[in-house]
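Below you'll find the structure, written out as structure tokens, and then a few comments.
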Amino acid sequence: MSTDQHGALAPGTEAPDFSLHATPDQSVSLSSLRGRPVVLAFYPADWSPVCGDQMALYNEVLPEFHRFNAELLGVSVDGTWCHLAFAAERRLHFPLLSDFEPKGRVARLYGVYRDEDGTTERALFVIDAAGVIRWSYVSPVGVNPGADGILRALETLEQERQHV
Amino acid sequence: MSEVERTRLTLAVSARDHIEGPNDAPVTLVEYGDYECPYCGRAYPIVKKLQHELGSQLRFVFRNFPLKEIHPHAQHAAEAAEAAAAQGRFAEMHDALFEHQRDLRDLRLSEHAAAIGLDVARFEKDLADHTYAARVREDFLSGLRSGVNGTPTFFINGLRHNGPWDFEVLLNAIRAASTTSESTSR
């Protein structure tokens with residue numbers, strides 16, 4: 001399994017499957033989204049300051065992600081009730097998954113758990129329709145990485161699809 | 001993703017933009033902002049002060065980056081500024097919106113329109129028809145592609161300004177860019 005300098009799974013690696021709670025009684029598994037691109041956005045915690053908040057930004061970018069038929073999943077170690085309150089307050093229109101029990105298990109699978117903080121890295125993975133990681137990026141934990149890298153990766157996937 | 005790709009303005013300043021200051025100014029400051037964002041509200045007088053301090057040395061461009069889910073009035077306010085621009089009064093509306101950013105209800109937008117001398121009926125129709133929604137979206141997308149990750153985000157001569165943006169910091173960054181642009185144009 002190849003990783004980048006942060007230890008995050010590198011492009012070309014098959015994305016490890018997982019099933020995580022999106023709400024107290026609903027789960028989302030990666031394999032159920034096979035057939036379309038998935039954007040996996042690990043972030044350290046709910047409730048970061050608003051105007052620079054990565055999830056609030058991605059919420060506005062959703063129509064662009066959907067143009068590429070891509071599904072966006074936010075992932076942090078926060079519990080489902082915390083996610084629900086956060087999503088309601090920020091009016092988020094995409095699932096936030098709880099990597100809560102065992103804590104950070106999925107983040108560890110992807111090589112983006114921060115032992116020293118007990119949270120995930122701020123890390124992005126773009127996974128193609130076949131379930132292979134095609135782009136990944138680990139941002140400095142305090143820096144919102146924006147959406148430009150994700151959009152470029154989705155564009156590349158789209159171009160490849162059209163040339164097949 | 002390389003640092004250079006991430007931090008460059010992808011949509012060059014052109015006639016589509018609302019420009020304050022001379023086109024041959026050595027430095028262009030582009031702000032991506034949201035009229036309802038309190039941080040942008042804080043940046044507003046800082047930009048004014050920079051314009052005052054630098055005069056014809058600075059060209060300023062404001063582009064829309066409304067986070068409309070967390071700021072329910074931001075989209076309409078952005079469209080209002082564009083509707084005012086269509087009547088030649090962008091700067092006046094821009095200022096009015098930031099100076100009253102805690103109350104951006106449609107009623108207030110119309111009051112600002114009247115106060116700055118717009119044809120209010122036309123302004124209200126443009127808002128109701130979302131005539132400038134596509135334009136606002138175009139700004140927003142250009143920001144996304146340029147690595148805007150929150151508001152306000154500034155670009156100085158096409159390069160994203162990272163970190164704090166208080167007056168002294170921006171002034172120094174602009175002066176540094178001005179020196180560079182002089183030495184390269186020689």
- How many of the residues making up region B:113-138 are away from every other protein chain (no Cβ under 12 Å), of a type outside the set (Val, Ile, Thr) and either part of a loop (DSSP other than H, G, I, E, B) or within 14 Å of B:ASN64 (Cβ to Cβ) (or both)? 10
- Of the conditions (1) surrounded by 14 or more Cβ atoms within 10 Å (Cβ to Cβ); (2) within 12 Å of chain B (Cβ to nearest Cβ); (3) in contact with a helix residue (DSSP H, G or I) (Cβ under 7 Å, 6 or more places away or on another chain); (4) in contact (Cβ under 8 Å) with a residue 24 or more places away in the chain, A:TYR58 clears all except one; give me its number. (3)
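If a residue must be in contact with a strand residue (DSSP E or B) (Cβ under 8 Å, 6 or more places away or on another chain) and either away from every other protein chain (no Cβ under 14 Å) or assigned to a loop (DSSP other than H, G, I, E, B) (or both), how many such residues does region A:36-53 contain?
The number of residues fulfilling the criteria is 9.
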- Message: Which of the numbered conditions does A:GLY7 fail, given that it passes all the others? Conditions: (1) modelled with pLDDT under 95; (2) open to solvent by less than 10 Å² (accessible area, probe 1.4 Å).
- Response: (2)
- Residues being among the aliphatic types (A, V, I, L, M), in contact with a helix residue (DSSP H, G or I) (Cβ under 7 Å, 6 or more places away or on another chain) and within 14 Å of chain A (Cβ to nearest Cβ): count how many of those fall in region B:60-81. 3
- Limited to region A:126-152, what total is found for residues that are of a type outside the set (Val, Ile, Thr), under 20 Å from A:GLY7 (Cβ atoms) and open to solvent by 10 Å² or more (accessible area, probe 1.4 Å)? 6
- Message: Is it the case, given these coordinates, that B:ARG89 is modelled with pLDDT of 95 or more and either over 14 Å from the mean Cα position of the chain (by Cα) or surrounded by fewer than 21 Cβ atoms within 10 Å (Cβ to Cβ) (or both)?
- Response: yes
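Return the residues of region A:109-121 that are in a strand (DSSP E or B) and either at pLDDT below 95 or open to solvent by less than 10 Å² (accessible area, probe 1.4 Å) (or both); say none if nothing qualifies.
A:THR120
The values are calculated or read from the model by the stated rules, or taken from the named source; none is laboratory data. Here the structure is a predicted model, which is why all the values come from computation and not from measurement. Glycine gets a Cβ as well: all are built from the backbone with ideal geometry, and neighbour counts include every protein chain shown. Calculation scope for accessible area: heavy atoms of the full protein, side chains included, ligands and nucleic acids excluded. Shrake-Rupley method; radii C 1.70, N 1.55, O 1.52, S 1.80 Å.
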